[in-house]
Amino acid sequence: MDVINCKRCGNIFNYFVGEKICPTCKNKLNEQFDTVKDYIYNNPKASIQEVSRECDVSMAQITKWVREERLEFTEDSLVGIECERCGVSIRTGRYCKSCKTNLTSELSTLYKSKEKSKGSNVNKKSLRDHRMRFLE
Ligand SMILES: [Zn+2]
Ligand SMILES: [Zn+2]
C-alpha cells in the first residue's frame, strides 16, 4: 500500500490499485459517469460536445470512457467517435471492426514474417531497388 497524491485534486490518500485518484474523486467520477450515461440514454443522438456541455464533464473524459468501452453510443446514434486507425465512426472502443481484424492479422503476419526473414537478404534487395541512377 502506498500513500500518494490524487491525480485530480492533489489530496493524499492510500493507493491500492487502478487509477491514481482518491476515493472522493472516484465517487465524483462515478456520479459523472452515471449522469453521462443517463444523458446518452435519453438523448441517443447527442454529440460528445453536447453531452460534455450538458453534463459538465470534459470531452476528454467522455472519450476516455468510450475508448475504455464503458460507454457506448446506441445502435441508431448518428454520432460516435473515430476509429484511431482509419477515422471511421465507431460506437465504442478504439478501432472499428475491420481495423480490429486487420490489426490482429497484421500482428500475426508480422510475427510470421519475422520468423521467416531470419537470415534472408531482404535488406540487400531493397537497397538494390532504391539505387539511384544518373540521368543525362
Ligand atoms: Zn482526488
Ligand atoms: Zn478503422
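Of the residues K97, K64, which single one is near ligand 2 (Cβ under 9 Å from one of its atoms) and modelled with pLDDT of 90 or more? Before you say what the answer is, go through the steps one by one.
On the way: K64 fails: near ligand 2 (Cβ under 9 Å from one of its atoms).
Being near ligand 2 (Cβ under 9 Å from one of its atoms) and modelled with pLDDT of 90 or more holds for just one of K97, K64, which is K97.
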**OP:** Read through the list (1) more than 16 Å from ligand 1 (Cβ to nearest atom); (2) closer than 26 Å to Q32 by Cβ, then give the number of the only condition that L103 fails.
**Re:** (2)
Subject >> Among the residues listed as S77, S89, S120, the single one being at pLDDT below 90, within 16 Å of ligand 2 (Cβ to nearest atom) and polar (S, T, N, Q) >> reply: S89
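The values are calculated or read from the model by the stated rules, or taken from the named source; none is laboratory data. These numbers were taken from a predicted model, which means no experiment stands behind them. Heads up, the Cβs are rebuilt from the backbone with ideal geometry, glycines too, and the neighbour counts pull from every protein chain shown.
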